[in-house]
Each structure stands twice: as structure tokens, then as C-alpha cells.
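Before any comments, here is the structure.
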Amino acid sequence: MSAAAATSPCRICGGSVREFLDLGRQPLSDTFVDPEDTSGGFVYELRVGRCGDCTMVQLVEEVPREMMFTADYPFFTASSTRMVEHFTRTAQWLLDEHCCSEDPFVIEIGANDGTMLATIAGRGVRHLGVDPAGLPGEDATERGVVMLHDFFETRTAELIRTEHGLADVIFAANTLCHIPALDDVFAGIDAVLAPHGVVVFEDPSLSDVLRLTSFDQIYDEHFYVFSATSVARAARGWGLELVDVAALPVHGGELRYTLARSGTREATPAVAAVLEDEAALGVDDPATFDLFAERVRRHRDELVGELTRLREDGVRVAGYAATAKSATVLNYGGIGPELLPAIHDTTPQKQHRLAPGSRIPVLPFPDEADEPDVYLLLAWNHSEEIMAKERAFADRGGRWLVYVPEVRLI
Ligand code: TYD
Ligand code: ZN
């Protein structure tokens with residue numbers, strides 16, 4: 001991007017956000033389309049920038065939240081067994097480390113299908129899941145989780161405080177990065193967090209996005225790409241402090257941040273160590289992001305080139321998992337049914353519909369006889385789980401096309 005790159009105001013600090021990457025016109029990433037529907041659907045410009053003042057990486061255009069987190073939102077945490085294990089361990093850790101008051105109360109923002117809170121509920125600990133998404137919320141209720149079907153913001157936080165009292169823990173996974181209006185969320189947190197409570201949240205980390213060139217972590221729902229650097233600065237504006245940070249080997253690399261009210265806890269040595277790591281990676285330097293954008297364009301061209309070659313050679317290719325993040329790579333690359341005739345996915349709510357924008361049919365997984373020769377791994381963030389599950393496919397000579405961290409046929 002040239003020095004004349006577009007700028008817009010930062011959603012966190014009001015500073016100047018410089019655009020460094022244009023991922024083009026994109027659909028709503030989790031809106032799987034009825035094949036009869038030819039309307040084209042909602043489209044927005046997926047452009048990404050970085051604030052020169054607070055360093056927060058963020059989208060330039062905001063999609064209204066009511067369009068994304070709808071009654072038929074089709075993402076279910078429990079679709080990955082590794083994520084279920086991860087959240088069971090997370091719940092145990094929260095119970096051991098942060099639920100030490102006499103009658104603890106845990107809030108989860110974006111509780112989805114209740115995978116994490118089910119363990120908390122099973123221990124008889126007071127809790128509340130807050131999430132506007134309809135279908136996953138039904139599963140949460142079935143798991144014995146108490147739910148409030150709404151957005152978490154000042155208005156709902158005050159209702160929660162009146163009904164349940166102050167929270168020892170406010171947890172969120174893969175949720176806070178979805179919310180442009182974090183100022184309102186943190187005003188709500190201020191209203192309902194106990195004086196010695198903690199806010200714990202996990203989201204894809206900027207370091208991993210830069211290291212892996214995982215540009216498909218960027219889509220409508222991922223409004224921010226957090227780093228410890230940007231979160232530490234933002235926290236100060238919310239009257240909080242970053243007191244711990246831990247790397248998580250899930251979803252392609254995440255950080256788990258722990259915030260506490262300013263002056264109530266000592267920061268662990270991990271905070272300084274991660275901040276140093278990020279500085280060494282160049283999160284404070286605009287040039288880092290221009291180089292990232294160059295790699296993104298190269299990876300897109302290589303992927304489209306590889307799919308084109310495979311088609312010319314008569315190789316049968318299909319997508320593996322109709323992830324939200326795949327909308328970015330498919331639509332940015334202009335990849336449609338000619339290059340990728342189908343995507344297979346385990347989610348019934350996505351099957352027999354079309355992937356957004358690309359209009360590639362989403363189907364259940366085929367029997368052995370109908371398997372493709374090559375799977376394009378669209379859920380690369382679950383690759384360990386998937387490779388273990390699909391060993392027989394590889395044993396039969398099946399191959400994997402991956403595009404993170406490089407485009408490779410393996
Ligand atoms: P995830 O990367 O968690 O999603 P997103 O990019 O949407 O945040 O992947 C979830 C999707 O992947 C979901 O549609 C189910 C599908 N999936 C499979 O089909 N098989 C699998 O083995 C796994 C782990 C996921
Ligand atoms: Zn800023």
C-alpha cells in the first residue's frame with residue numbers, strides 16, 4: 001500500500017487507522033445460501049487497517065451485528081472434539097484459579113452452544129451464558145446451561161447485576177474480536193465485574209496471523225486481530241490492566257488474556273515476555289503489515305494457480321470443512337464451483353446449501369467411493385484433529401492441498 005493509503009478513525013482510541021490490505025468484496029461468512037436464492041445477498045468491502053496510535057488491527061467497514069449473529073447462526077463449538085477438550089480444560093482452570101469466593105458467579109459472553117459452561121454448570125457453580133445466536137443457544141440449554149439470549153452490553157450487564165450480582169469471572173472465547181463496539185462491552189463489564197474479578201478472553205493472535213500468513217482469520221465476524229500490545233493499551237482506557245497472557249494451540253494460534261481492575265493484581269512475567277516477542281516481530285512497525293499484504297497476494301495467486309493446474313490435470317478436488325474463514329480465501333481468490341465443485345462439512349445446518357459468495361455446494365462427507373483425489377483443507381486450524389481422523393484417506397492415496405502457512409500439496 002502506498003503512503004497515500006486510506007485512513008479511518010480507530011474504534012478503540014480514535015487514532016488514525018491506515019489500511020494495509022484489501023481482501024475485496026465479501027459476503028456474510030456464516031450465511032449459507034439456499035440454492036434457489038439467486039439474490040446475491042449482502043456484500044461488504046473487507047479492508048484491513050492498523051491504528052498508528054494504539055496498534056489495534058481492525059476492519060475498516062463494519063457489518064451490522066444483527067446480520068451476523070442471527071437466529072439461524074450455524075457455528076457450533078462442539079463440531080470439533082479438540083475444542084470440546086480445550087474448553088473442558090479451560091472451565092477446570094477457571095474453577096481452580098478464579099472461582100475462589102464463597103458463591104462464585106461466572107458469565108460467558110458469546111457462550112454459543114454451552115460447551116465451556118457445561119462443565120461449570122456440572123459443578124453447580126452459578127453462571128450465565130450470554131449469546132444472541134439462536135440455534136447454538138438451544139444446545140446450550142440442553143446441556144444444562146443458563147442462557148440469556150441477547151448481546152452483552154451496558155444495558156444487559158445492568159440487568160445481570162440486578163438479577164445475579166457481581167461476577168468473579170467474565171469469560172469470552174472467539175467473541176470479543178467479533179465486537180466493534182468494545183467500549184460498550186467494557187462499560188458493561190465495569191458494571192458487573194466484582195472488585196477482585198477477572199476478565200479472561202481468547203482470540204486469534206496477531207503474531208500467529210503474521211507468522212503463518214493466515215489472512216483467512218480476517219472476515220466479517222473477526223473485526224479485530226488482537227495482540228498483547230494492543231490489548232494492554234486498550235485495557236488502560238477501560239480501567240483495567242493486562243495481568244496475564246498465555247499462548248493457546250487452538251484455532252491456528254490464539255492468546256488468552258487475563259485483565260483485572262487496575263492496581264488489584266501483579267502482572268505475571270508472561271506479559272512482558274509476550275510484549276517483547278511482539279515487538280521483535282514488528283507489530284509496532286507499519287512496514288511489517290505491508291510485507292504481510294504482499295505475502296497474502298502471493299499465496300492467493302499460488303493457490304488459484306495450483307487449483308487451476310489440478311483441474312487441467314483432471315484431478316478431483318473438494319473443500320474440507322465449510323468454515324467461516326473459508327469465505328475470505330474463496331471470495332478473495334475468485335474460487336467458485338469450476339475450481340472447487342464441492343465443500344464437505346459435518347454441520348447439518350450448512351449441508352445442501354451454498355457457500356456464501358462462491359456459491360460452492362456444501363455437502364455431507366462422501367463415502368469412500370465418491371471421495372475426491374485432493375482435499376483443500378479449509379479448516380487448517382483443526383489440521384491435527386482432521387489428519388488423525390482421515391488417516392485412511394491418505395492411506396488410500398488421497399492428498400491434501402494446504403495454503404497456511406504456504407501453498408503446498410502434501
Ligand atoms: P472452525 O475453523 O472452527 O470455524 P470457523 O472458521 O467457522 O470459525 O471450523 C468449524 C467448521 O468446520 C464447521 O462447519 C464444522 C467443520 N468441521 C468438519 O466438517 N469436520 C471436522 O473434522 C472439523 C474439526 C470441523
Ligand atoms: Zn487506536
Largest first and rounded to whole Å, the semi-axes √(5λ) derived from the alpha carbon gyration tensor of the chain read 35, 26, 20
Taking 8 Å as the Cα distance limit and 6 or more residues as the minimum spacing, I'd like the relative contact order of the chain as a percentage. 15 percent
Restrict the search to region 105-206; then list the trypsin sites (Lys or Arg not before Pro) that DSSP places in a loop and that have at most 15 other Cβ atoms within 10 Å of their Cβ. R123
Nearest-0.05 FRET efficiency for D285 and D183 at R0 = 30 Å, using Cβ-Cβ distance, is 0.65
Honestly region 4-135 on the Cα gyration tensor test (a ≥ b ≥ c root eigenvalues; a/c under 1.5 rounded, otherwise a/b vs b/c for prolate or oblate) is just oblate
Simple spin-label model, 7 Å along Cα-to-Cβ: T308 to T346 in nm? 3.6 nm
At most 16 other Cβ atoms within 10 Å and a DSSP loop assignment: could you name the GluC sites (Glu not before Pro) in region 249-298 that fit? E266
Does anything in region 182-201 have its amide N under 18 Å from the 7 Å Cα→Cβ label point of H164, and if so which residues? 185-201
FRET efficiency (A392, T268; Cβ distance; R0 41 Å; to 0.05) is 0.40
Hey, can you grab everything whose amide H is under 5 Å from the amide H of H127? Only 5+ residues off in sequence or another chain; H modelled, so Pro and N-termini drop out. V106
Given only helices, namely DSSP H runs of n ≥ 4 each adding -39500 (n - 2.57), what is the per-residue ellipticity at 222 nm of the chain, to the nearest 500 deg cm²/dmol? -10000 deg cm²/dmol
Under a point spin-label approximation (7 Å from Cα along Cα-to-Cβ), what is the D190-S383 distance to one decimal in nm? 4.3 nm
Under 13 Å by backbone N from the virtual spin label 7 Å along Cα-to-Cβ at T70, the residues of region 178-220 are none
How much of the accessible area of the chain, probe 1.4 Å, is carbon plus sulfur, in whole percent? 51 percent
Going through region 1-103, which GluC sites (Glu not before Pro) have at most 16 other Cβ atoms within 10 Å and a DSSP loop state? E36, E61, E62, E102
Can you pull out the cysteines in the chain that have no other Cys Cβ under 4.7 Å? C99, C100, C177
Stokes-Einstein translational diffusion, region 68-206 - Kirkwood Rh over all Cα pairs, 1.306 mPa s, 10 °C, in µm²/s: 107 µm²/s
Determine the equivalent ellipsoid of region 160-266 by diagonalising the alpha-carbon gyration tensor, then write out the semi-axes as square roots of 5 times the eigenvalues, largest first, rounded to whole Å. 25, 15, 12
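The values are calculated or read from the model by the stated rules, or taken from the named source; none is laboratory data. Computed from a prediction, not measured in an experiment: that's the story for all the values here. Reconstructed Cβ throughout: ideal geometry from the backbone, glycine too, with neighbour counts over all protein chains shown. Note: areas computed on protein heavy atoms with side chains; ligands, DNA, RNA excluded. Shrake-Rupley method; radii C 1.70, N 1.55, O 1.52, S 1.80 Å.
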